[in-house]
Amino acid sequence: MGGDREARRRLTKEDPEGDSDQDDGLDSEEEESNEKMKNLKELIALKAKTKELEKALKAKGKGKDVESGGSDSDSDDSKGGDGTGDWVHSTKDILLTSKLNILLVLIPFAMLGKAAGWSDGWLFTLSLLPICPLAERLGYVTEQMAEYTNPTLGGLLNATFGNLTEIIVSVFALKAGKLRVVQLSLLGSILSNMLLVLGCAFFAGGMLHKKQTFNQTGVSMNSALLLLAVISLSAPSVLHTTHTELHGTASEIALSRFTSCLLLGVYVAFLYFQLITHIHLFEDEDDDDDDGEEVAQTFWQSIAWLGIMTIFISLLSDYLVDAIEGAASGAGIPVAFISTIILPIVGNAAEHASAVMFAMKNKMDISLGVAIGSSTQIALLVIPFTIVMGWFVGQPLDLNLHVFETSTFVMTVITVAFIVQDGESNWLKGLTLLMAYCILSASFFFHRDLPVSETLKLVDASKLVDASQIAKVAPAVAAVVPAVGPPP
């Protein structure tokens, strides 16, 4: 290029009038080409900066709406133009975007039934059904609120409020002194999530996809923590069954409270592991699929709806706990079956639907996060939290679920751990989990849960050595143990 230009310059000197126009044309073309190339590079750099800015606004920029309360938003014209219109749009989004919300009309009838003294069967039904849409909307509002935070804080919010319904029901049952309802309902939530929810997800996803894969490392961490929960719940039961307590029932309660404090610490460490140090193990590979989703609720609207739904769930949970024993006796169904099977199915109906939906879309990591992740939260957070709360309010709640219930928990965790260990799922694995849940459900239907008082009398009678003391407890033993004839 340089040699040609020098040659042209020499020719120009020899014949300045002949070739000067041609040389000027070549120079102008070269300058124009360089200018286009420069503009193209600037355009590419601008697009890259624009993408980075969009990502930053997606993660952090939405917090500006929190500071301004949404008053500076230009989108109010589409929502009504003022604060009132914005709340109208928010209310429509909460009440009219889910078909389950039709059950919310039962809330006034539940309040009327409580005031009028309706039968426990009706009160239990009218209180149980509206909890299903309230739990689903609670999860939706939590997701909306998490959009205004960074991913770490958003994950913490989902972990905190994901099982709020179970916590509220357990608190009211604990307040009423119905300790077995607390234990069995939380156990039922774990069984439901690990067998019913995961089984439905594997089966539905396997019918559409021949083989599905998921993050094996993340699931193995949850399985390890659930095995820790197995040890924690088995120790008090074994101690009670073998009658080797140092100080009787007081030893079981002390062991349960000590273990619960340790489990709460493990849960905090798990959050730190999941959200900070090893976040790559739990990241969703399809984060870009959600870039087009719009946030329908502002931060303060999400806070307000969260409070409203918590109030209604608390009210219905109070009615539910008061009527559960009367409803069970009236229908001829064991309280253990209602607490372990029916309550978790209704309370977690929204989680069931979301897990199946994600599995059908081949997003198995999210589906397993709903099923196994929720079970881990209950085992490491909710159950220890209720034990510690019972400690403070003077209720002798412990981790002794009794032999039958503890055995079902152990078998469930081991079965699921074996099924997910290869990081693959198919419809046959889902069918296996569903059949396991059906078997356990039937076993709880035919299971007679001994009252705590009768259980303690039986245990104390096995330790008595004085004939007069045994005679005092004999009527209670005869009422529990069926009489048998003399040996042949």
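The values are calculated or read from the model by the stated rules, or taken from the named source; none is laboratory data. The structure displayed is predicted, hence computed values, not measured ones. No Cβ is skipped: glycine too gets one built from the backbone with ideal geometry, and neighbour counts run over all protein chains shown. Accessible surface areas use protein heavy atoms only, side chains included; no ligands, DNA or RNA. Shrake-Rupley method; radii C 1.70, N 1.55, O 1.52, S 1.80 Å.
Could you tally the net charge around Phe258, taking each other residue with its Cβ under 12 Å from the Cβ of Phe258, Lys/Arg +1 and Asp/Glu -1? Within the 12 Å Cβ shell, the charges total -1. Taking K and R as +1 and D and E as -1, what net charge do the other residues with C-beta under 10 Å from the C-beta of Leu100 add up to? Once positives and negatives cancel, what remains is +1. At the residue level, Cys438 shows approximately 70 square angstrom of accessible surface with a 1.4 angstrom probe and all protein chains present.
Within the shell of other residues whose beta carbon sits under 12 angstrom from the beta carbon of Val238, the net charge comes to -2, with Lys and Arg scored +1 and Asp and Glu -1.
For region 238-249, 3J(HN,Hα) computed residue by residue from phi via the Karplus equation (6.51, -1.76, 1.60; θ = phi - 60°) reads 5, 4, 6, 5, 7, 6, 10, 5, 6, 10, x, 4 Hz, glycine and proline entered as x.
Solvent exposure of region 161-247 amounts to 37 Å² per residue of accessible area, where only protein heavy atoms count and the probe is 1.4 Å. The Cα center of region 186-252 and the Cα center of region 376-411 differ in position by 13 Å. For region 177-214, applying the loop criterion from DSSP together with a ceiling of 13 other beta carbons within 10 Å to the trypsin sites (Lys or Arg not before Pro) yields Lys210, Lys211.
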